[in-house]
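I have placed the structure first, in the form of structure tokens, so that the comments after it can refer back to it.
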Amino acid sequence: MPEVPPNPAPVVVIQWPDGSTTSAPVGSDWLQAAAAAGVVIPTGCLGGSCGACEIDVNGEVLRACIATVPAGDSAVLQVELAVDPYW
Ligand code: FES
């Protein structure tokens, strides 16, 4: 009997603040997904306490350093930086 490969993680499409679009597996790290897209998410503590890495994903603010890419209710996850990177 042939071996059945495991199902790959579902992939979601992410639209970044610069207008670019990439895809990432559900459950992947937000900072890695952003880096792969060439998008810099500001960071500070990398532990979930400072809020420097907050992003807005389809209207929900989350901290990118401790959150993972969720399965989207819609086809595209629209990401905006919740914190002004230039302050
Ligand atoms: S870098 Fe501090 S909360 Fe994410």
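Under 20 Å from V13 (Cα atoms), within 11 Å of the chain's Cα centre (by Cα) and not charged (D, E, K, R), is that true of A75? Walk me through it before giving the result.
Details: under 20 Å from V13 (Cα atoms): yes; within 11 Å of the chain's Cα centre (by Cα): no; not charged (D, E, K, R): yes.
Against the criterion (under 20 Å from V13 (Cα atoms), within 11 Å of the chain's Cα centre (by Cα) and not charged (D, E, K, R)), A75 does not qualify.
Listed by position, the strands (runs of 3 or more DSSP E) inside the chain whose residues that are within 16 Å of the ligand (Cβ to nearest atom) number at least 2 are 54-57, 60-63, 76-81. Considering only segment 1-9, I want to know if a residue exists there that is touching a Gly at 6+ places or on another chain (Cβ under 7 Å), exposed (fewer than 15 other Cβ atoms within 10 Å of the Cβ) and not basic (K, R). The answer is yes, given that some residue of segment 1-9 is touching a Gly at 6+ places or on another chain (Cβ under 7 Å), exposed (fewer than 15 other Cβ atoms within 10 Å of the Cβ) and not basic (K, R).
Bear in mind these aren't lab numbers, they're just calculated from the coordinates by the rules spelled out. Keep in mind that this is a model prediction, so the values were computed, not measured. Here Cβ is always computed from backbone atoms with ideal geometry, including for glycine, and neighbour counts include all displayed protein chains.
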